[in-house]
Ligand code: HDE
């Protein structure tokens, strides 16, 4: 009956690589255009509504007014129920070498293809307008527009999750969101309901170690790892399946800010991460990540001490190395936030042939949730036709109609099988790229239960803690002390100390000290232990396993690459009379190494150098703050130095930069500015004729030498050892 068109047949519509993700047909540009209504009628007066006399009532007849106000009234759509606050960017992905041994997915095999992508980063708990710098998990959602359809890798910047079963997700989200009676606090987990839930959910122990670590306060979206979290399957063209964990490794390394700094940034620039991503792309500093795969052969499924299906577990990189297989580059900002970033609809169920699911019960629940949520958020079943969501391949099926349908389907036939349409559209055979699910063998009873292989909640939490550097451990202790310090219920605090004591006694006792509580001797058994209805609760006690791996260096950010200052923001504090020569030497050297220099002065517009040259100013001390920069430099020049020293905001700037462990540099002639800071006592008395690099503070009278040492210091990111000096003002 039906004449079958082969996929390779040139008459079949194929995506053209150079035209893909061409959103041009959907864009609007008002430049040089006259204004008209949505029906195309030119508007003669957009300032006044139509009235019965110039002091009279407005007329209902005014279709221009009505159209404009009606559209405005309907501008908002519901924000995402979680991950509401986010920022997106376009880019490309390219695989390094064919991965045919593991997967038949074309975009992971054809090294000549640049697959377009759209990425959305987000926080989880806060509303759409909340701060970027909340202590929170970050979403890392990637949509690959492949030639075999869209593949969404909807991951986070932490490799595990709070819960093991999707049925607990609404509870988790209710607990972390602002409390329902007064809607406080916004974008913060430091409150009673969150910790109440966690304290009776021991399966979250591993995740809260990540959440209390510096991973939860990234320096930039560009400096975060990404993880698919669940174990997925890869399927090759012979139908052989391997298990896989997906990773994103940022080429700039993994870096974070200090907690005090995060809180300050939230006030000074709540759009800090959004702006950072936007500015980096605008300035050509394209963010890059390598896609990493941890592949486990099917036959090794039960080789580990943990269950591959348990999303509260990682596969330590020391057990299964991460193989870097391709590169993601973000190279274009959206034209319109709403149309692209807000309307993008990610779904863990958007997969292509060669990628499949496992039975991870969290993953399985997500497969339902994402389409369901788009139906309410984007208003109906045609959200895949919104330009940002459209695949690059043409869509042919018998789905029709619904709210806001864009496609004009031709012909009478919208069903299959049919004969009137020659049977088209035909199902694709597997050899033609048709998706066939992995035929996993299932032979089981239907039960509402948790697998006993999911009962060890603490060994990987401990592995994470043990693998941290000393400063990272201190930050964890401080984060727990902060968060539990904000909790009002003493019972919840105590129960959390019980949970922490099962992770690490030292950690628990440090937090207990801060809270002036003692660790429960025999930690109260958490109330919720995910016990199936017909089971004996004792059979479902969390089990205490030592775990044969005691350290995993890959888990510490201290081991992240620290060899570049590319795209780092450096503040120069200067005023009229600055020494132009050394100023330019340092500026040129930093910019040559890829950093971005901004001049901060008492007033805006420009400053004059000693030789009366104009130097443009980026910010005044009023609009800038040290928390928005990675490092700070004070150039020489008698008048400039005197003005900066007398400027209280400049001294505060330096004090704060020191407190947040950042690299600081000063021309030897600017020593008097440093002497006004609280950390001056830590500087050597006699610095003349030599250059000094102590604790990340560089002082030199030789600008070239200063620049070299300063660059090395900035690349270290932070000098956390300063925090051992406890009494830090600012
Ligand atoms: Fe999501 N999640 N999630 N999630 N998730 C959503 O979908 C959900 C989970 C993640 O930038 C929602 O479109 C359930 C894990 C990201 O648009 C919703 C469960 C991971 C984003 C939803 C989880 C994620 C979402 C809300 C437990 C990391 C933002 C709006 C079973 C692997 C995507 C939306 C974007 C968004 C449900 C758990 C990542 C409600 C039910 C685990 C990055 O469908």
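The values are calculated or read from the model by the stated rules, or taken from the named source; none is laboratory data. Keep in mind it's a predicted model, so treat the numbers as computed, not measured. Here the Cβ positions follow ideal geometry from the backbone for every residue, glycine too, while neighbour counts run over all protein chains shown.
From the list 131, 193, 103, 146, which residue is over 21 Å from the mean Cα position of the chain (by Cα) and surrounded by fewer than 24 Cβ atoms within 10 Å (Cβ to Cβ)? Quick ask: steps written out before the conclusion?
Working: 131 fails: over 21 Å from the mean Cα position of the chain (by Cα); 103 fails: surrounded by fewer than 24 Cβ atoms within 10 Å (Cβ to Cβ); 146 fails: surrounded by fewer than 24 Cβ atoms within 10 Å (Cβ to Cβ).
So the residue among 131, 193, 103, 146 that is over 21 Å from the mean Cα position of the chain (by Cα) and surrounded by fewer than 24 Cβ atoms within 10 Å (Cβ to Cβ) is 193.
Restricting attention to the stretch 380-394, and to residues there that are part of a loop (DSSP other than H, G, I, E, B) and touching a strand residue (DSSP E or B) at 6+ places or on another chain (Cβ under 9 Å), which single residue is farthest from residue 343 (Cα to Cα)?
Quick first cut of the stretch 380-394, residues part of a loop (DSSP other than H, G, I, E, B) only: 380-382, 386-394.
Now narrow it down to the ones that are touching a strand residue (DSSP E or B) at 6+ places or on another chain (Cβ under 9 Å): 388-393.
Working: 388: 7, 389: 8, 390: 11, 391: 14, 392: 17, 393: 20 Å.
Checking each candidate, the answer is 393.
Any residue at all in the stretch 174-194 that's over 26 Å from residue 313 (Cβ atoms) and in a strand (DSSP E or B)?
No: zero hits.
Each row is one residue, and each column tells you yes or no for (1) under 30 Å from the mean Cα position of the chain (by Cα); (2) surrounded by 16 or more Cβ atoms within 10 Å (Cβ to Cβ).
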| residue | (1), (2) |
| --- | --- |
| 536 | no, no |
| 555 | yes, yes |
| 572 | yes, yes |
| 575 | no, yes |
| 583 | no, yes |
| 586 | no, yes |
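Check whether at least one residue in the stretch 363-372 is assigned by TED's automatic domain parsing to the domain that holds residue 104, over 28 Å from residue 240 (Cβ atoms) and touching a helix residue (DSSP H, G or I) at 6+ places or on another chain (Cβ under 7 Å), and report yes or no.
No: the stretch 363-372 contains no residue that is assigned by TED's automatic domain parsing to the domain that holds residue 104, over 28 Å from residue 240 (Cβ atoms) and touching a helix residue (DSSP H, G or I) at 6+ places or on another chain (Cβ under 7 Å).
If you scan the stretch 270-281, which residues turn out to be within 9 Å of residue 133 (Cβ to Cβ) and in contact with a helix residue (DSSP H, G or I) (Cβ under 6 Å, 6 or more places away or on another chain)? So that I can check it myself, show each step before the final result.
Keep residues of the stretch 270-281 that are within 9 Å of residue 133 (Cβ to Cβ), which gives 270, 272-273.
Across the stretch 270-281, the qualifying residues are 272, 273.
Could you grab me the full set of residues in the stretch 365-391 that are within 8 Å of the ligand (Cβ to nearest atom) and either under 23 Å from residue 437 (Cα atoms) or at pLDDT below 95 (or both)? Working first, answer last.
From the stretch 365-391, those within 8 Å of the ligand (Cβ to nearest atom) are 365-366, 368-370, 372-374, 377; that's our starting set.
Those that are within 8 Å of the ligand (Cβ to nearest atom) and either under 23 Å from residue 437 (Cα atoms) or at pLDDT below 95 (or both): 365, 366, 368, 369, 370, 372.
Which of (1) outside any loop (DSSP other than H, G, I, E, B); (2) touching a helix residue (DSSP H, G or I) at 6+ places or on another chain (Cβ under 8 Å) is the odd one out, the single condition residue 661 does not satisfy?
(1)
Would you call residue 655 surrounded by fewer than 22 Cβ atoms within 10 Å (Cβ to Cβ), within 35 Å of the chain's Cα centre (by Cα) and modelled with pLDDT under 90?
Values: surrounded by fewer than 22 Cβ atoms within 10 Å (Cβ to Cβ): yes; within 35 Å of the chain's Cα centre (by Cα): yes; modelled with pLDDT under 90: no.
It is false that residue 655 is surrounded by fewer than 22 Cβ atoms within 10 Å (Cβ to Cβ), within 35 Å of the chain's Cα centre (by Cα) and modelled with pLDDT under 90.
I need every pair where a residue in the stretch 130-153 that is without any contact (Cβ under 8 Å) to a residue 12 or more places away in the chain has its Cβ under 7 Å from the Cβ of a residue that is in a strand (DSSP E or B) and more than 15 Å from the ligand (Cβ to nearest atom), sequence separation at least 6 or different chains.
Close Cβ pairs satisfying both conditions: none exist.
Mind checking which pairs have a first residue in the stretch 438-456 that is over 24 Å from residue 542 (Cα atoms) and a second that is modelled with pLDDT of 95 or more and surrounded by 10 or more Cβ atoms within 10 Å (Cβ to Cβ), Cβ under 7 Å, 6 or more apart or different chains?
438/233; 438/235; 438/241; 438/356
Can you name every residue in the stretch 80-90 that is closer than 20 Å to residue 128 by Cβ and more than 9 Å from the ligand (Cβ to nearest atom)? Lay out the reasoning, then the answer.
Residues of the stretch 80-90 closer than 20 Å to residue 128 by Cβ: 80-89.
85, 87, 89 - these are the residues of the stretch 80-90 that are closer than 20 Å to residue 128 by Cβ and more than 9 Å from the ligand (Cβ to nearest atom).
One line per residue, one yes/no per condition, for (1) in the same structural domain as residue 619 (by TED's automatic domain parsing); (2) surrounded by fewer than 21 Cβ atoms within 10 Å (Cβ to Cβ); (3) within 16 Å of the ligand (Cβ to nearest atom); (4) touching a residue at least 12 places away in the same chain (Cβ under 8 Å):
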position: 234; (1), (2), (3), (4): no, no, no, yes
position: 275; (1), (2), (3), (4): no, yes, no, no
position: 282; (1), (2), (3), (4): no, yes, no, yes
position: 315; (1), (2), (3), (4): no, yes, yes, yes
position: 318; (1), (2), (3), (4): no, yes, no, yes
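Does residue 290 meet the test of being in the same structural domain as residue 163 (by TED's automatic domain parsing), assigned to a loop (DSSP other than H, G, I, E, B) and surrounded by fewer than 19 Cβ atoms within 10 Å (Cβ to Cβ)?
Values: in the same structural domain as residue 163 (by TED's automatic domain parsing): yes; assigned to a loop (DSSP other than H, G, I, E, B): no; surrounded by fewer than 19 Cβ atoms within 10 Å (Cβ to Cβ): yes.
It is false that residue 290 is in the same structural domain as residue 163 (by TED's automatic domain parsing), assigned to a loop (DSSP other than H, G, I, E, B) and surrounded by fewer than 19 Cβ atoms within 10 Å (Cβ to Cβ).
Restrict the check to the stretch 175-190 and report whether at least one residue is modelled with pLDDT of 95 or more, within 13 Å of the ligand (Cβ to nearest atom) and touching a helix residue (DSSP H, G or I) at 6+ places or on another chain (Cβ under 9 Å).
Our first condition is that a residue be modelled with pLDDT of 95 or more; within the stretch 175-190, this holds for 175-190.
Cutting the leftovers down to within 13 Å of the ligand (Cβ to nearest atom) gives us 176-177.
Of the ones still in play, those that are also touching a helix residue (DSSP H, G or I) at 6+ places or on another chain (Cβ under 9 Å) are 176-177.
Yes, because at least one residue in the stretch 175-190 is modelled with pLDDT of 95 or more, within 13 Å of the ligand (Cβ to nearest atom) and touching a helix residue (DSSP H, G or I) at 6+ places or on another chain (Cβ under 9 Å).
Taking the conditions exactly as written (outside any loop (DSSP other than H, G, I, E, B) and modelled with pLDDT under 95), does residue 587 satisfy them or not? Spell out the reasoning first.
On the way: outside any loop (DSSP other than H, G, I, E, B): yes; modelled with pLDDT under 95: no.
So residue 587 does not fit the description; no.
Kindly indicate whether residue 77 is closer than 30 Å to residue 396 by Cβ, touching a helix residue (DSSP H, G or I) at 6+ places or on another chain (Cβ under 7 Å) and either away from the ligand (no atom under 16 Å from the Cβ) or not in a loop (DSSP other than H, G, I, E, B) (or both). Please lay out each step first, then the result.
Values: closer than 30 Å to residue 396 by Cβ: yes; touching a helix residue (DSSP H, G or I) at 6+ places or on another chain (Cβ under 7 Å): yes; either away from the ligand (no atom under 16 Å from the Cβ) or not in a loop (DSSP other than H, G, I, E, B) (or both): no.
Answer is no for this residue.
Counting only residues that are closer than 15 Å to residue 330 by Cβ and touching a helix residue (DSSP H, G or I) at 6+ places or on another chain (Cβ under 7 Å), which one in the stretch 119-137 is farthest from the ligand (Cβ to nearest atom)?
The qualifying residue farthest from the ligand (Cβ to nearest atom) is 121.
What are the residues in the stretch 1-37 that are at pLDDT 95 or above and in contact with a helix residue (DSSP H, G or I) (Cβ under 6 Å, 6 or more places away or on another chain), if any?
37
Would you confirm whether or not the stretch 95-112 contains a residue that is farther than 28 Å from residue 431 by Cβ, away from the ligand (no atom under 16 Å from the Cβ), assigned to a strand (DSSP E or B) and at pLDDT 95 or above? Give the steps one after another, and end with the answer.
Residues of the stretch 95-112 farther than 28 Å from residue 431 by Cβ: none.
No: zero hits.
Across the stretch 324-353, what is the number of residues that are within 12 Å of the ligand (Cβ to nearest atom) and either part of a loop (DSSP other than H, G, I, E, B) or over 19 Å from residue 29 (Cα atoms) (or both)?
At the first step, the residues of the stretch 324-353 found to be within 12 Å of the ligand (Cβ to nearest atom) are 340-350.
Then drop every residue that is not either part of a loop (DSSP other than H, G, I, E, B) or over 19 Å from residue 29 (Cα atoms) (or both), which leaves 342-350.
Qualifying residue count, the stretch 324-353: 9.
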